[in-house]
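*Asks:* One structure is given below, represented as structure tokens, and several questions about it will come after.
The values are calculated or read from the model by the stated rules, or taken from the named source; none is laboratory data. These numbers were taken from a predicted model, which means no experiment stands behind them. Because the Cβ atoms are built from the backbone with ideal geometry, glycine has one as well, and the counts that use them run over all protein chains shown.
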């Protein structure tokens, strides 16, 4: 005898419920993956944001650093610009121009004039930089609002100031201008030796000299020296250009 089976009885007008297919479970698995990946991303980003904020707190201050302020009178600034113009015209004319000598006061006068009359971006640096020439180095001090330099969501730069000092050595030999960092301090702390050893090997004008117009301008000078607290720019002799 054949075994009899009991038919499934459903209420009138209805159909038996269907089992959940692969598409349904695929959606659930995808949502789980999205949740896991999203949570991981948030945790990783939170970790790096904490690291960034910790470094910003370590290397910035809540108050700006007082910088020396040298106000160059308008007459003195005009005389300086006239001297630069005369030097440039002598180079253009191919005449035997004497060396151009610049002091730290000259550099600050030119910087302050450029910042005050420049774009809004340049005015950000007004009163935040000071340059001096000591011995055989160009020495600079900086005190700038960190949020003017770096503004990223969740990175706490508001109300923080980047206060530091840097010293450069510069020279021009064989038509190659070299500018190297000699010392660097941030918040009164020197950078670690392993980082400074790398920075001291970087020529910060290397890329600039790849520009043909910059290279042509530099080629007009015989030497650029920093000595006795002054920058001395000696042009090439007319017959050597």
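Conditions tested, residue by residue: (1) in contact (Cβ under 8 Å) with a residue 40 or more places away in the chain; (2) out of contact with any helix residue (DSSP H, G or I) (no Cβ under 8 Å at 6 or more places or on another chain); (3) assigned to a strand (DSSP E or B); (4) under 22 Å from residue 53 (Cα atoms).
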| residue | (1), (2), (3), (4) |
| --- | --- |
| 168 | no, yes, yes, no |
| 184 | no, no, yes, yes |
| 194 | no, yes, no, no |
| 201 | no, yes, no, no |
| 204 | no, yes, no, no |
| 225 | yes, yes, yes, no |
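*Asks:* Out of (1) in contact (Cβ under 8 Å) with a residue 40 or more places away in the chain; (2) surrounded by 17 or more Cβ atoms within 10 Å (Cβ to Cβ); (3) under 30 Å from residue 100 (Cβ atoms), the odd one out for residue 157 is which?
*Replies:* Answer for residue 157: the failing condition is (3).
*Asks:* Among the residues of the stretch 69-87 satisfying the criterion of being in contact with a strand residue (DSSP E or B) (Cβ under 9 Å, 6 or more places away or on another chain) and modelled with pLDDT under 85, which is nearest to residue 144 (Cα to Cα)?
*Replies:* Only one residue fits best here, namely 69.
*Asks:* Further question on the same structure: Within the stretch 187-241, take every residue that is farther than 18 Å from residue 167 by Cα, modelled with pLDDT under 75 and surrounded by 13 or more Cβ atoms within 10 Å (Cβ to Cβ) and give me the one that is nearest to the chain's Cα centre (by Cα).
*Replies:* 208
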